[in-house]
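Remarks on the structure that follows.
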Amino acid sequence: MKINNRPIPLAQIAVIGVPVLLFLLLWAVDGFAPLRSKEPPIQVRSDMYYQSKSMAQESSTFFADRKAMRDHVPGTVPRNGTMYPYTSPEEAEAELRNPLAVSSAVLARGKNRYHNFCAPCHSVSGQDTTEIVRRGLQKPPNLAADNAKGYSDARIFHVISAGQNIMPGYADKLKEKDRWAIVHYVRELQKAPLKYPAIPSASSDTTDGASGQRGRASTAGTVQSAGAPTPTENAEQVP
Ligand code: HEC
């Protein structure tokens, strides 16, 4: 066979082509496995699969307090972070207005942040009991109950930013805009009907189910009428 009167270099093509074909065949049979498999691939070299590092919540023998995760250095502000300046809800209410208009994007962002940061304790609906409560955390108040419904946007923003009693503040973890977006989303949750209406009866301070709602609602009411919330005795329980 000839092209343009020159013989086709079959031998050369075979020398390159056969290994390439073999390689493609092998790759197709086995090579895609690491892309499909959840198992780590067979390691000829370990690359960087194994590193000496500390995972979140792990203990460590390196630090004297045996915690791998380090606390903020007192008096410092995280990078890109701002200090939350208000110490009482009244101060916050006097100064702050929700700068965000409600929009589907704002609500979607609020929902996303709420699910990540609030739902573990307050539940997705804001009304239910969560696993963390079943395992011992004080039941948070129902976010759709009259008490929280009566809070101004600024007050909810203040609770998110500075915390309230055993609820920790999130000013260092959530951007200001995200906190306002959450406020809008909490308002959205509050439009749902109350799942566990408070039963007007004798005092009960249990922390599960509907009766927990009742116990917490009354305490939260006290907090509200007293103005600035005071830390409860079990404030240390929250990590
Ligand atoms: C670690 C669990 C936990 C997380 C996370 C949490 N909260 Fe709370 N929250 C609580 C508890 C407990 C209370 C009740 C505190 C008290 O005794 O006053 C509370 C109280 C509140 C209140 C006041 C309700 C009232 O009736 O007084 C609001 C509003 C609130 N949380 C909103 C949020 C939002 C929004 C988020 C997410 C940014 C959030 N919380 C994250 C546990 C949590």
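Just so it is clear, none of the values below were taken in a lab; they were calculated from the coordinates. All figures in this text were calculated on a predicted structure; none of them were measured in a lab. Ideal geometry is used to build each Cβ from the backbone, glycine not excepted, and the neighbour counts take in all protein chains shown.
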Going by how many other Cβ atoms sit within 10 Å of their own, how do Phe117, Phe62 line up, fewest first?
Phe62, Phe117
Pairwise label distance in nanometres, Thr130 with Leu25, each label 7 Å out on the Cα-Cβ vector
5.7
How long are the semi-axes of the ellipsoid equivalent to region 80-141, from square roots of 5 times the Cα gyration tensor eigenvalues, in whole Å, largest first?
26, 18, 12
Between Asp172 and Lys67, what is the label-to-label distance in nm when each label sits 7 Å out along the Cα-to-Cβ direction?
0.9
